[in-house]
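In what follows, a single structure is set out as structure tokens and then discussed.
The values are calculated or read from the model by the stated rules, or taken from the named source; none is laboratory data. Note that the structure is predicted; figures quoted are calculated from it, not measured. Using ideal geometry, Cβ is built from the backbone for each residue, glycine included, and neighbour counts are taken over all protein chains shown.
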There are 2 protein chains.
Amino acid sequence: MAKPVSKSRGDRAPLTRARVLRGAVAIADASGIGALTMRSLAQELDVKPMSLYHYVANKDEILDGIVDLVFSEIDLPSADGEWRSEMRRRATSARRVLRRHPWAIGLLESRSTPGPATLRHHDATIGTLRRAGFSVAMTAHAYALLDSYVYGFALQEASLPFDGPDTVADVAEPMMQRFSPDEYPHLVEMASEHILKPGYDFGDEFEFGLGVILDALTRSIP
Amino acid sequence: MAKPVSKSRGDRAPLTRARVLRGAVAIADASGIGALTMRSLAQELDVKPMSLYHYVANKDEILDGIVDLVFSEIDLPSADGEWRSEMRRRATSARRVLRRHPWAIGLLESRSTPGPATLRHHDATIGTLRRAGFSVAMTAHAYALLDSYVYGFALQEASLPFDGPDTVADVAEPMMQRFSPDEYPHLVEMASEHILKPGYDFGDEFEFGLGVILDALTRSIP
DNA sequence: CGGGCCCACCGTACTTAGTACGGCCACGCT
DNA sequence: AGCGTGGCCGTACTAAGTACGGTGGGCCCG
């Protein structure tokens, strides 16, 4: 005679919209966005597929939701910090977050209804730039430039076949077989003399570009 | 009594791998990557679904194939041009191509086996930078920066809900209802004072950032 | 000229996924 | 006790990827 539990079905936590979205992120992180199905999500949450529809209208709403959840993980620039360091912090944080959730990058392209965290994020960033003395037009330029760089870098990082500075050579070697130095001489030079060298980490390129961009923006404050 | 055609089934062109891939691009361009299914593609080509499998192993191979096809549309930098103008031309062309095929951006993240056009493209670009006097390491920096910017810009463009400078206000107006000036003051300022002004075109931001980047790179040639 | 072979194409069917529709059952309120 | 309600689910339909095994018309060989 088990102690009577208040709820009949097991004693798992009750479903909520937040739990649904967090579960979806967990699945996408672990196995890619392709593994996120209503059925796999239901299983993760220990319910049956149709139960999810009491918290989201359809799968698209889940996708919109997890994109906003990802945005909420990015550091907001603080209102009173120095703009350059705040922008650097924001960019670095955004890259780290998108590295943790690489599937989110591709989703940005298809989802066009930003959630509240996304809007808050944009608002804070624009605010920091405006307070730094950038005109409205210049803020638009700067923001487009910064975000393009961050997103594009994250996109390139995500499409790399390896994951850290560890197994670069292992993955690249078989690939090198595919193209002879005659066909792609510069690619081979770049690979053999630089990228395949121990210690090379594509992620380190991020700082260079970010510095270039911030320097250039500094010069365009009135 | 119809003129006897040589082939029994209708007189449509015979299937080829190239025709399959071109058809796939056509569908993705017209209706988005979501509308590209083996069945829709078969219908487009006037065959039955299973016929496609004589030319591609599976759908993934089609996705890899069309990404490479997209790359092949991007202008290669010419070997003997001035590096700055060649890089500008390449970037501009890439943006135009990715605007024509926005679905390709999201695909870049998931596909990690570059095709021949992709490799040729990278090789030519690296070659131009090396010939301009950039060191191997600096070329890696420059290329990462340039490509990040181009991809990221294309990604942002693709996620805009409108398509040209025409219906910006129409789309943005209802969106403005969702956030009050109290919640997102800077966003509202940016929208009302800049982006919603007639004549604003996000695409114009591209030149600014590209110029900034090319200027910065110029300064880093030994 | 006839028979066989091959290759391009296809029919059928199985699996997985999204989701419409209508229950059903425990709880709490009266 | 009856009843409503809210949270969960069973069933089933549709769409999509693709395994597997044809099949039939053109062409080559004899």
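Couple of notes before you dig in:
- Residues (within 7 Å of chain B (Cβ to nearest Cβ) and out of contact with any Ser or Thr (no Cβ under 7 Å at 6 or more places or on another chain)) located in the range A:121-138: A:H122, A:D123, A:G127, A:V136, A:A137
- Matching helices (runs of 4 or more DSSP H) fully within the range A:1-117 where at least 1 residues are without any contact (Cβ under 8 Å) to a residue 60 or more places away in the chain, of a type in the set (D, E) and within 13 Å of DNA strand D (Cβ to nearest atom): A:38-44
- Single unsatisfied condition, A:T139 versus (1) of a type outside the set (A, V, I, L, M, F, W, C); (2) modelled with pLDDT of 95 or more; (3) surrounded by fewer than 22 Cβ atoms within 10 Å (Cβ to Cβ): (3)
- Subset of the range A:145-169 that is exposed (fewer than 13 other Cβ atoms within 10 Å of the Cβ) and of a type in the set (D, E) - its residue that is modelled with the lowest pLDDT: A:D166
- Which numbered condition B:A172 misses (of (1) within 9 Å of chain A (Cβ to nearest Cβ); (2) at pLDDT below 95): (1)
- Criterion (farther than 19 Å from A:L119 by Cβ, within 14 Å of DNA strand C (Cβ to nearest atom), exposed (fewer than 12 other Cβ atoms within 10 Å of the Cβ) and modelled with pLDDT of 95 or more) met by exactly one of A:G34, A:G10, A:G23: A:G34
- Test: residue in the range B:69-90 that is within 12 Å of another protein chain (Cβ to nearest Cβ) and either more than 16 Å from DNA strand C (Cβ to nearest atom) or not β-branched (V, I, T) (or both): yes
- Total residues in the range B:69-91, condition under 21 Å from B:D215 (Cα atoms), of a type in the set (D, E, K, R) and surrounded by fewer than 20 Cβ atoms within 10 Å (Cβ to Cβ): 5
- Taking the range B:192-222 as the range and being over 23 Å from B:M87 (Cα atoms) and facing chain A (nearest Cβ under 9 Å) as the test, the residues that pass are B:E193, B:H194, B:I195, B:Y200.
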